[in-house]
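Asker: Let me give you the structure first, and then I'll get to my questions.
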Amino acid sequence: MSVNPTTTPRSATTAAADIALRKALASTPRPPRASAFAASLAFAWRGMLKVKHVPEQLLDVTITPVMFVLMFTYLFGGAIAGSTGEYLEYILPGILVMSVLFTTVYSGIALNTDLTKGVVDRIRTLPIWKPAPLVGSLLGDSVRYVLAGTVIIVLGVALGYRPDAGIGGVVAALGLVVIFAFGLSWVFTTLGLLLRSPNAVMNAGFMGIFPLTFLSNVFVDPETLPSGLKAFVDVNPISILASASRGLMEGNPDATDIVVVLAVAAVLTAVFAPITTWLYRRG
Amino acid sequence: MATSTPLAIEATGLVKSFGDTKAVDGVDLAVRSGSVYGVLGPNGAGKTTTIRMLATLLRPDAGSAQVFGHDIVKDADAVRGLVSLTGQLASVDEDLTGRENLVLLGLLLGLRRAQAKERAGELLEAFGLADASSRLVKNYSGGMRRRLDIAASIVVTPQLMFLDEPTTGLDPRSRNQVWDIIRTLVAEGTTILLCTQYLDEADRLADGIAVIDHGKVIAEGTPAQLKASVGSGALHVRLLDPEDRSEAEQVLAGALDAVHLEADPAALSAPCPDADRAAEAVAALARAGIAIADFSLGQPSLDEVFLALTGHPAQDDPADPSALTEAEVA
C-alpha cells in the first residue's frame, strides 16, 4: 500500500530521445479539415487493410456461394432444367446476386464488432463528415462484393457458362449487383448498430436475406409456383435484380428492371444511411 | 498556444444518468488553458462519463459545458476540431499496424498522404515504436499500446487532450515514459484533462485537482492543498503476522493519531508529519515485540484522501452499481 516516491532521473541516454520527443510534440499548425471524400476514402482504405491483414475473412463470403453453385448445378440442375448445362445458364446470374447480397450481412457484423472497440470513441471525436466512417467502410466492402461476384463468375465460366453478352455484359451485371448491395448493406449496418452482438446481427441478417433469396427467381422459374407465392416472387426486389442481371449477361437487358433496381437501392440508402449515421453518432 | 478564452473547459452542473444510476451528478469544472487538470477518483466515480460528455461522445442530461468557449452540445463539431481523446480502452485499431493507425488518423485530420506518412514516421520514432511500426497493434504490449494511443492523439496537435487513466496497468518504466510525454506536451502548450485513480500521478503532473466521488466533485485545489487537507504524509506498516494487527493498532495509536486499518489484513497506516515521529512509532512497535515485514513513510494514498474527505474509503467494489454502469459505457 506504500506509495512509491520514485523520481525519474533523466540519464544521458534518454537525452537524445528527449530531443526527438520534443520535436515530434512541438505543436504543428492544424491542416484544413479533411473533405467528405478524403475522409470516406481513408475509411475505405482502413477496410481494405483489414482484408490485407486477415485475408482468411474472405473465405466465409466465398465458400458458401461456391457450394451453392456446385450443389444446385449438379444436384438439382438435371431435375429442374433438364440438364446441368442449361440450369447453369439460368442459375449463375442468380447465384451472383445471392453471393453478393449474403456478403452485405457481413458489413453489419463488422460494424457491430467494431463498436466493441475503443477506436470507435476516437473516430466519433474526429472533426469529420459524419457519415464518412460508414460510407467509407461500405465503399471498402464494395471491393469485397466485387471479389465475391468475381469468384462466382470465374467458377461459372470454368464449369462451362458462356454469357451471350460477353465480358461487357458480365461487368455491367456485376456493377448493378454491387450498387444494389451498397444500398442493401445500409439495412444491415442499421441492424449492426441496433443489436447487441455480432451473432445477433448474423442471425437476424440471414433470417431476412435467406428467405428473401429463396422466395425469388434466383433458383427456379416462378411460372411453376402457386399464384400467391408467384405474386410475391414477382415483386421481390431480389427477383428483379436477378432478372436484370440475367438480361445484362444474356444481352437482352430490360430497362425497367434496371431502373427499379437502382430506385430500390437509392430508397434503401436514403432511408437507412441517415438512420445508421444517427445511431453511430449517438453512441 | 494563444487563445482568447482563458478557460479550456468550463462545466456547470453536468448530470448524466444511466437508468436509475446517476453516474455524474452535478459536476462543475474550470480548467485553465495550458494546464494539466487532474480528475481523481476511484472506479465508478464518474470520471469516464465526465470525459465522454466533454469529448462530445455523450449528451449531458442536464448542465452545460464549454470547451474553449464552444458549447459541447450545440457546437460539438467545433469542439471535435480542438480536442483529442485517449480513452480507457486503447483508442487505436488493433487490426492495423502502428504505422497504419497513425497514417489513417493523419488522413482523417486533413493531412495529405505524404504528410501523414511523414508525421507517422516522426511519431513512431519519438515514441520508441519505430521497430514495431509494421506489427499489428493487437500484438503490442500494454505500454506500447498506450504510447501509440497518445501518439494517435497528437498526430495533429490538439488544444485540449483528454487522457483517461493513461497509466493504469502499466509497469513503472512505461509509466514514467507516459509521464514524460505528458510533461513535454504541456510544455508545448496543450491543455490536458487527466483522469486517474492515483493521487501520486495527479500530484506529479497536475496543476489542479478535482476529487470526484459518486458523480460529485467533493474537493478541489492544488495538489499541495489537497494533501494538506489530509496531512503531509503517512506511515505505512505491514506486519509479519496479521494476528498482531489489533495490538499494533493500539501501540500506534499511542504514538500517532487516526490509525487506519488497510484492506490488506496485515497492514495499517496513520498520518505522520515527519520522520522522527515515524521512527518513534516504529520503535514503539519493536518494543512491544510486534514483528514488522516492511514500513514506509509516504504521501497519503487515494484511500487516505478519500477517508479524510468523505469518511469512507475509495473502495473498488465491483458490486457498486455506478462502477458497473461506467464499465458498460466505457
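The values are calculated or read from the model by the stated rules, or taken from the named source; none is laboratory data. Just so it is clear, the structure is predicted and the values come from calculations on it, not from any experiment. As a convention, Cβ positions derive from the backbone with ideal geometry for all residues, glycine included, and neighbour counts pool all protein chains shown.
Asker: Which of (1) surrounded by fewer than 17 Cβ atoms within 10 Å (Cβ to Cβ); (2) away from chain B (no Cβ under 14 Å) does A:His53 not meet, given it meets every other one?
Answerer: (2)
Asker: Name the residue that is surrounded by the most Cβ atoms within 10 Å (Cβ to Cβ), counting only residues in the stretch A:111-142 that are within 12 Å of another protein chain (Cβ to nearest Cβ) and acidic (Asp, Glu).
Answerer: A:Asp121
Asker: Going by what's in this entry, would B:Gly63 be described as under 22 Å from the mean Cα position of the chain (by Cα), at positive phi and either within 11 Å of another protein chain (Cβ to nearest Cβ) or surrounded by fewer than 22 Cβ atoms within 10 Å (Cβ to Cβ) (or both)?
Answerer: In short, no.
Asker: Of everything in the stretch B:43-102, what is modelled with pLDDT of 90 or more, polar (S, T, N, Q) and assigned to a loop (DSSP other than H, G, I, E, B)? Give them in sequence order.
Answerer: B:Thr56
Asker: Any chance you could count how many residues in the stretch A:72-125 are of a type in the set (A, V, I, L, M), within 30 Å of B:Gly106 (Cβ to Cβ) and modelled with pLDDT under 90?
Answerer: Selection size over the stretch A:72-125: 4.
Asker: Are any residues in the stretch B:146-161 under 14 Å from B:Ile181 (Cα atoms) and either among the acidic types (Asp, Glu) or assigned to a strand (DSSP E or B) (or both), and if so, which ones?
Answerer: B:Asp149, B:Met161
Asker: Next question, about the same structure. Please go through (1) of a type in the set (Asp, Glu); (2) under 24 Å from B:Asn43 (Cβ atoms); (3) free of Cβ contacts under 8 Å to residues at least 40 places away in the same chain for B:Asp149 and return the number of the only condition it doesn't satisfy.
Answerer: (3)
Asker: Report yes if B:Thr184 is at pLDDT below 90, part of a helix (DSSP H, G or I) and either assigned by TED's automatic domain parsing to the domain that holds B:Ile72 or under 19 Å from A:Ala132 (Cβ atoms) (or both), otherwise no.
Answerer: For B:Thr184, the condition - at pLDDT below 90, part of a helix (DSSP H, G or I) and either assigned by TED's automatic domain parsing to the domain that holds B:Ile72 or under 19 Å from A:Ala132 (Cβ atoms) (or both) - is met.
Asker: Follow-up question, since we're still on this one. Please go through the stretch B:110-145 and pick out each residue that is of a type outside the set (Gly, Ala, Ser) and either at pLDDT below 90 or not in a helix (DSSP H, G or I) (or both).
Answerer: Answer for the stretch B:110-145, where residues must be of a type outside the set (Gly, Ala, Ser) and either at pLDDT below 90 or not in a helix (DSSP H, G or I) (or both): B:Leu111, B:Arg112, B:Phe127, B:Leu129, B:Arg135, B:Leu136, B:Tyr140.
Asker: Okay, moving on. Confirm whether B:Val237 is touching a residue at least 12 places away in the same chain (Cβ under 8 Å), facing another protein chain (nearest Cβ under 10 Å) and in contact with a strand residue (DSSP E or B) (Cβ under 6 Å, 6 or more places away or on another chain).
Answerer: Taking the combined requirement at face value, the residue satisfies it.
Asker: Something else about it: Does at least one position in the stretch A:193-202 carry a residue that is modelled with pLDDT of 90 or more, over 18 Å from A:Ala270 (Cα atoms) and surrounded by 20 or more Cβ atoms within 10 Å (Cβ to Cβ)?
Answerer: Checked the stretch A:193-202: at least one residue is modelled with pLDDT of 90 or more, over 18 Å from A:Ala270 (Cα atoms) and surrounded by 20 or more Cβ atoms within 10 Å (Cβ to Cβ).
Asker: Report, by residue number, each residue of the stretch A:219-240 that is part of a helix (DSSP H, G or I) and in contact with a helix residue (DSSP H, G or I) (Cβ under 7 Å, 6 or more places away or on another chain).
Answerer: A:Pro222, A:Lys230, A:Val233, A:Asp234, A:Pro237, A:Ile238, A:Ser239, A:Ile240
Asker: Find the residue count for the stretch A:143-154, including only residues that are crowded, with 19+ Cβ neighbours inside 10 Å and under 12 Å from A:Pro93 (Cα atoms).
Answerer: Adding up the residues that qualify gives 3.
Asker: Pairs please, first residue from the stretch B:196-211 and more than 14 Å from chain A (Cβ to nearest Cβ), second anywhere and among the charged types (D, E, K, R), Cβ atoms under 9 Å, 6+ apart in sequence or on different chains.
Answerer: Close Cβ pairs satisfying both conditions: B:Asp207/B:Arg32; B:Gly208/B:Arg32; B:Gly208/B:Glu220; B:Ile209/B:Asp203; B:Ile209/B:Glu220; B:Ala210/B:Asp28; B:Ala210/B:Glu220; B:Val211/B:Glu220.
Asker: Do you know which residues across the stretch B:74-109 are more than 25 Å from B:Gly143 (Cα to Cα), at the interface with chain A (Cβ under 8 Å from one of its Cβ atoms) and among the charged types (D, E, K, R)?
Answerer: Within the stretch B:74-109, B:Asp77, B:Arg80 qualify.
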